[in-house]
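Just below is one structure, and these are the notes that go with it.
Here, each number is a calculation from the coordinates, and none is a lab measurement. All values reported here derive from a predicted model rather than from experimental measurement.
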């Protein structure tokens, strides 16, 4: 592994794969770890830390998608980082997918779980949260079956639990903050208020392009300064080759050759 600080260089796919391969190897065969270095870290711990730092931008990107929903962004980033750690510890190269593709649903799941748990106004044991849901379902079923509202005894018998637990689950259930789909989630500076319903069942097109954008940024590093300028003007600003030639004080044919050469470089890097 390189000793250059992670914030001083960009990780490409190959380096990430090599890091994960070694990390997985040490996870399966801890006896191969040489032990703590001068900083007190083992190779396994150092690799884990490097992989976390290298993919923190993914965690932050996904956390921002859930901002302006009543929780501080810093808290959401911390939760997303927990999801990132879980993804790193569970990732298997043999799956044949990129890490970012594998990690994204894990991180999003961790954030959604955080919102679900934060919906309770007080700290409620998971057992009682689940019992509360079971009681609510049982009430609906027994209403139909019995023809009247079930008693606490009816619910306890149906669920195979005690009447005390049923009562406690019902009381604590009132501590749950249910959000209406009409709840406004607008952030500061938004022109039009958005509601929770605006986010339900929607795919984020930017998320699907996340990995492509990262790969394109990596590919651009192989271009010269002039090649980058030409591609930016041509494809981002829609400037004609003739106008670019005037700005760079070269011939239009020279611009065409440089553009073609730059595209070939990008194609070669992206196909690796």
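Brief remarks on what is shown
- Relative contact order of the range 11-80: 22 percent, from C-alpha pairs under 8 Å at least 6 residues apart in sequence.
- The P(r) of the range 6-118 has a tail past 24 Å containing 31 percent of all C-alpha pairs.
- Kirkwood-type hydrodynamic radius, the range 222-270: 10.7 Å, calculated from all non-identical alpha-carbon pairs.
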